[in-house]
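Peer 1: Please see the structure below; I have some questions.
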Amino acid sequence: MLRLKRGILAVLMLGSSPLFAGSMGPVCSPGTVTVPCEWSGWDFGVKALYLKPAYDVDYGYGPFATVDGITRHYIDTDPDWHWGFMLEASYRFSTGNDLNLNWSHWDDNRNNYSYAGAFVSGFAGALFGTTQFEPEWDAVNLEFGQHVDFGEFKDIRFHAGVQFAHIEHETRASGYSTIIPATLPFSFTIDSQFNGFGPRVGSDMTYNIGHGLAIYGKGAAAILVGTGKFNAGVTVPTLVGMASSGSKTTIVPELETKLGAKYGWVMTQGTLTLDAGWMLVHYFNANHFMSVFGTRNESGFALQGPYVGLNWLSTV
């Protein structure tokens, strides 16, 4: 009898061993990774950009004001939000491949601000006058892309190509100084620009919610090689005129990202997509100049803000 009880107990312990060892739980099966079937077509898009620039310290602050000769308050250049645009066209072919050409443009010529009793480094007198600050940006990208589906809802477009970028800043100021007779006004100008070209890679990740609605995140990086140059000058009629200029080969890394959502309407001859989101683009150390007083100035250039656009994909 004792042996029978021991045998039953051993069988029960072996049968309940998963309770002691832990069970594997549900087993996940890997999703399929596929590319679209062979197909060809065209798509065209346009976006309205509403962007604001940002700078490092050298470009982010202008003249300073002081009331006691000791404490300084530096004036933020703080350029305005302004409109730009993006135009693009793509040819889609083979099994998920595409060739995309896009152009983004933004400029702002409305940054006018006045100052009274302001100072700049290297100049002893207080300044009274106005300044106009005009930034401009162009970027042209040529991309070769590959669309890959990761299961039913997710897809990624990997792309590689090249970028050409143009970044320019013009500053115009005029007024008078306490150490110069008011009848002899001063003026100064600064023009700095960068033109660069280089390789660019990135990916566009999309999650398809359903019924034409999707959310996405996009990222890209580039390394641009080009020329940075500047011209600066100060003029006081009949008294003095000073100028400085220079140019050098510059390597500028660039990062960009977009987060947004889109909704597509399927029609007889194609698909119309409404696209909206937020973008950020940053060029590292893209701006530089040396003033007529010998001070060195260097800054990155960034743009950020919302965008909205339409895209038409033709199936004909």
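Just so you know, all these numbers are worked out from the coordinates, no wet-lab data involved. Computed from a predicted model, the values in this text were never measured in an experiment. Cβ placement follows ideal geometry from the backbone for every residue including glycine, while neighbour counts extend to all protein chains displayed.
Peer 1: Counting only residues 5 or more places away or on other chains, whose amide H sits under 5 Å from the amide H of residue 94 once H atoms are built in the peptide plane?
Peer 2: The list, which skips near neighbours in sequence, is 39.
Peer 1: Say each of residue 203 and residue 142 gets a label point 7 Å from the Cα, pointing the same way as Cα to Cβ; how far apart are those two points in nm?
Peer 2: 2.6 nm
Peer 1: Can you sort 140, 234, 225 so the residue with the fewest Cβ neighbours within 10 Å comes first?
Peer 2: Placing the least packed residue first, the sequence is 225, 140, 234.
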